[in-house]
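**Q** My questions will all concern the structure given below.
The values are calculated or read from the model by the stated rules, or taken from the named source; none is laboratory data. On a predicted model such as this, the values are computed, not experimentally measured, just so you know. Neighbour counts are summed over all protein chains in view; Cβ atoms, including those assigned to glycine, are modelled from backbone coordinates with ideal geometry. Side chains are part of the model used for accessible areas, which takes the heavy atoms of the whole protein and leaves out ligands, DNA and RNA. Shrake-Rupley method; radii C 1.70, N 1.55, O 1.52, S 1.80 Å.
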Amino acid sequence: PDRDAWQKQREEFALKMEGLVNDPGVELWFGNESGIEGDPRPNRRWVQKGSKPTTPYAGTHLRRNVIGAVCPASGELSCIVFSHCDTQVVQAFLDNMAAELPPKPGKRLILVLDNASWHKVRSLNWHHIEPMYLPPYSPDFNPIERFWLRLKADYFADFFAREPQKLEERIIYALNCFFKDPEAVSSQCAISADF
């Protein structure tokens, strides 16, 4: 895209977010998907000089996707695990999120997402959730991206799974650890009042 137009879109979005972050009548959530591989991501470690540590690799391309949303203010999460991502998965996620977070009188629930095609399908039932879309090429405006990085660094560096069930069990275990620690989630996904 035209760099000046893109920069203007980012500035306008930042101003809009600043207003929403400071609005007590808004509960702001940020959502996205992330793929998690069964083959490990090598992690830095201490080893004896001259040795060559090995990392197992199955070559099966075992992968599961997590679609989720985070509320930076409270550290709450809403997540589901799937084998792929498409409009039906997004609808299942929205149904789940709407059930977990019933409407609150006088409070708007806004979910900020990227511009993936499956986020913009007209047939999606958003329930009481209001979608809002990031400017193009702006993952830095989405705090859930930092959450995915932390999740992978803490629970999937050097983790190896040959079966889908093992990978899913590990994903569920990792997510449960964060569900139980909203302060850690809030700290990881914090956004400033001036965005």
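**Q** Restricting to region 82-93, count the residues that are open to solvent by 50 Å² or more (accessible area, probe 1.4 Å) and either in contact with an Asp or Glu (Cβ under 8 Å, 6 or more places away or on another chain) or not in a strand (DSSP E or B) (or both). Give the derivation first.
**A** Initial filter on region 82-93 (open to solvent by 50 Å² or more (accessible area, probe 1.4 Å)): 82-84, 88.
Going one step further and asking which of them are either in contact with an Asp or Glu (Cβ under 8 Å, 6 or more places away or on another chain) or not in a strand (DSSP E or B) (or both), we end up with 83-84, 88.
Residues in region 82-93 being open to solvent by 50 Å² or more (accessible area, probe 1.4 Å) and either in contact with an Asp or Glu (Cβ under 8 Å, 6 or more places away or on another chain) or not in a strand (DSSP E or B) (or both): 3 in total.
**Q** Applying the selection to region 150-161, what residues are touching a Ser or Thr at 6+ places or on another chain (Cβ under 9 Å) and either at positive phi or open to solvent by 60 Å² or more (accessible area, probe 1.4 Å) (or both)? Working first, answer last.
**A** Quick first cut of region 150-161, residues touching a Ser or Thr at 6+ places or on another chain (Cβ under 9 Å) only: 151-152, 158, 160.
Answer for region 150-161, where residues must be touching a Ser or Thr at 6+ places or on another chain (Cβ under 9 Å) and either at positive phi or open to solvent by 60 Å² or more (accessible area, probe 1.4 Å) (or both): just 158.
**Q** In addition: Just to be sure before I move on: is residue 96 open to solvent by 40 Å² or more (accessible area, probe 1.4 Å), polar (S, T, N, Q), modelled with pLDDT of 95 or more and out of contact with any Lys or Arg (no Cβ under 6 Å at 6 or more places or on another chain) in the structure I sent?
**A** Details: open to solvent by 40 Å² or more (accessible area, probe 1.4 Å): yes; polar (S, T, N, Q): yes; modelled with pLDDT of 95 or more: yes; out of contact with any Lys or Arg (no Cβ under 6 Å at 6 or more places or on another chain): yes.
The answer is yes for residue 96.
**Q** Here's another thing I want to ask about it. Just give me the residues in region 17-36 being in a helix (DSSP H, G or I) and in contact (Cβ under 8 Å) with a residue 40 or more places away in the chain, in sequence order.
**A** 17, 18, 20, 21
**Q** May I pose another question? Looking at (1) among the small types (Gly, Ala, Ser); (2) open to solvent by 30 Å² or more (accessible area, probe 1.4 Å); (3) outside any loop (DSSP other than H, G, I, E, B), can you tell me which one residue 106 breaks?
**A** Result: residue 106 fails condition (3) only.
**Q** Separate question: What number of residues in region 127-144 are crowded, with 17+ Cβ neighbours inside 10 Å and of a type outside the set (Phe, Trp, Tyr)? It would help to see each step written out before you state the result.
**A** Filtering region 127-144 for residues crowded, with 17+ Cβ neighbours inside 10 Å gives 129, 134-135, 141-144.
From the residues that got through so far, the ones that are of a type outside the set (Phe, Trp, Tyr) too are 129, 134-135, 142-144.
Matching residues across region 127-144 total 6.
**Q** Inspect all residues belonging to region 149-159 and state whether any of them is free of Cβ contacts under 8 Å to residues at least 40 places away in the same chain, of a type in the set (Ser, Thr, Tyr) and in a helix (DSSP H, G or I).
**A** Yes, some residue in region 149-159 is free of Cβ contacts under 8 Å to residues at least 40 places away in the same chain, of a type in the set (Ser, Thr, Tyr) and in a helix (DSSP H, G or I).
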